[in-house]
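A short worksheet on the structure shown next.
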Amino acid sequence: MIHSSYIEIDYKALKKNIRFLQKEITGSVKFVSVIKGNAYGHGIKGFLPLAESCGIDYFAVSDAWEAEIANSVKSNKSELMIMGMIDNEDLKWAIENRISFFVFDQDRLEAAIRTARKIKRKARIHLELETGMNRTGFSDNDLEEIIQIIKKNREIIELTGFCTHFAGAESIANYVRVHEQFKKYQRLTRILHKGGLKAKYRHAASSAATLIYPETRMNLVRIGIAQYGLWPSKETKMYKLFDGEMKVYRDPLEQILQWKCKIMSVKEVKPAEFINYGNAFLTTRKTRIATVPVGYSHGFRRSLSNVGYVLIGGKKAPVVGMVNMNMFIVDISLIPTAKKGDEVVLIGKQGKNRISIASFSELTNFINYELLTRLPSEIPRIVINK
Ligand SMILES: *Cc1c(COP(=O)(O)O)cnc(C)c1O
């Protein structure tokens, strides 16, 4: 059966983004590709092998559920880290599969040690440090005890990382907070070092910190949004693309995802008629409309009612009336050639026009991240330009 819409993933654009990012971080910093949230809506199963063919061999997911999906498609050479939730019951699976995971409290540390001893395999852990986000991680007061526990269990633990996460490096408003966090991270890792602990990787930076605070890269970066060709925020983009002389650089990132479907039906409506449910849209002239088989159940938000637009025949066609669960209507009066079966671009390029994820997000008050991760996993992902 054919799904009502489809998502294209542009391999060439991905390669370009990764090449740019690899060049930024230089050779000695490990590039970890963050593929949580179904690879930011791109689909873990399709995206991971593509990233591997661009040279990536380390992936980060949020939880054990995603890790299992990633583990089923990755090559033997690639490594995985779980940054968030993993039930103590699933630790056995993770350890057996040599998947590293964040350890942010004593309960998890002890559970990991117990499990590793039971199955006689080393647990690969990243000690997460609380540096000011106040979400997860060990604080100053915990370190003494943690050091002792780890030292006692050295033979069963592999210290893969000392890490932390910044509370919004993409916004200049958080400048002071992020810098305080980094200082704290350095202070806490000094305590760990003094206590005799060393980790293979020290990491803190996501896309934004990687791009604008190079000192926070250390020897590993966790890159999510930027590899998909999107800037973490307008500020990060401005910072990288405009210099003091007002010279503008070419945008090195290219959105790799496009979302498309076909016109389901076309008809004409007389003047002074309401279109679709209720009275949200009243025609003022003879209006030619097209039905688009996508709705809020697919992540096309209801707040795009009477506000959003799509591309048909290379031109913008505005949404008229409400976005329904599985369809909405656009005005194609100014696109006389449009007919049933024509391509509709919901996100992406067509002719000279484009609907970027950023513009889409602006209309809906959504951040890039949220819009992408709301794209249902059932929509087929198709790789192009491979
Ligand atoms: C999501 C996430 C990242 C990646 O963030 P981007 O802004 O998408 O680059 C890095 N680290 C952690 C802990 C995350 O949860």
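The values are calculated or read from the model by the stated rules, or taken from the named source; none is laboratory data. What you are looking at is a predicted structure, and each value in this text was computed from that prediction instead of being measured. Every residue, glycine as well, gets a Cβ built from its backbone with ideal geometry; the counts of neighbours run over all protein chains shown. Surface accessibility is based on the protein's heavy atoms, side chains included, excluding ligands, DNA and RNA. Shrake-Rupley method; radii C 1.70, N 1.55, O 1.52, S 1.80 Å.
Annotation for segment 58-99: trypsin sites (Lys or Arg not before Pro) lying in DSSP loop with at most 13 further Cβ atoms inside 10 Å of their Cβ are 77. The helix-based estimate of mean residue ellipticity at 222 nm for the chain, built from -39,500 (n - 2.57) per DSSP H run of four or more residues and divided by its residue count, is -9000 deg cm²/dmol to the nearest 500. Rolled with a 1.4 Å probe across the full set of protein chains, the surface gives residue 198 an accessible area near 150 Å². The order of 131, 284 by accessible area, most exposed first and with a 1.4 Å probe, is 284, 131. Entry note, the chain: relative contact order of 18 percent, from Cα contacts under 8 Å with a spacing of 6+ residues.
By how many degrees, between 0 and 90 and to the nearest 10, does the Cα long axis of helix 44-53 differ from the longest principal axis of the chain? Taking the Cα atoms of the chain, the angle to 44-53 is about 70 degrees. Counting only heavy atoms of the protein chains and using a 1.4 Å probe, residue 79 has close to 50 Å² of accessible surface. For segment 68-210, averaging the sequence separation of C-alpha pairs within contact (under 8 Å, six or more residues apart) and dividing by the residue count gives a relative contact order of 20 percent. Pairs from the list 339/386; 15/45; 15/122; 270/339; 152/198; 15/200 with a Cα-Cα gap above 23 Å: 339/386; 15/122; 15/200.
GNM on the chain, alpha-carbon springs under 10 angstrom: the most fluctuating residue among 15, 118, 260 is 118. Applying a DSSP loop filter and a limit of 13 other Cβ atoms within 10 Å to the chymotrypsin sites (Phe, Trp or Tyr not before Pro) in segment 200-278 leaves 249, 277. Remark: for residue pairs 16/352; 262/286; 16/267; 77/151, the C-alpha separation exceeds 31 Å in 16/267. Close amide H contacts of residue 344 (hydrogens built in the peptide plane, cut-off under 5 Å, sequence separation of 5 or more or a different chain): 261, 262, 263. What shape does segment 258-355 have by the C-alpha gyration tensor, where a ≥ b ≥ c are the square roots of the eigenvalues, rounded means a/c under 1.5, and otherwise prolate means a/b greater than b/c and oblate the rest? Taking the square roots of the gyration eigenvalues as a ≥ b ≥ c, segment 258-355 is oblate.
Of the accessible area of segment 120-188, computed with a 1.4 Å probe over protein heavy atoms only, carbon and sulfur atoms account for 47 percent. Using only Cα atoms and rounding to the nearest 10 degrees, what angle (0 to 90) does helix 106-119 make with the longest principal axis of the chain? Between the helix axis and the principal axis of the chain, the angle is about 80 degrees.
Computed from Cα atoms, the angle from the helix 175-194 axis to the main principal axis of the chain rounds to 30 degrees.
Classify segment 10-241 as rounded, prolate or oblate from the Cα gyration tensor: take a ≥ b ≥ c as the square roots of its eigenvalues, call it rounded if a/c is under 1.5, otherwise prolate when a/b beats b/c and oblate if not. Oblate is the answer for segment 10-241, as a/c is 1.5 or above yet b/c matches or exceeds a/b. When the Gaussian network model of the chain links Cα atoms closer than 10 Å, the mean-square fluctuations of 319, 103, 248 top out at 248.
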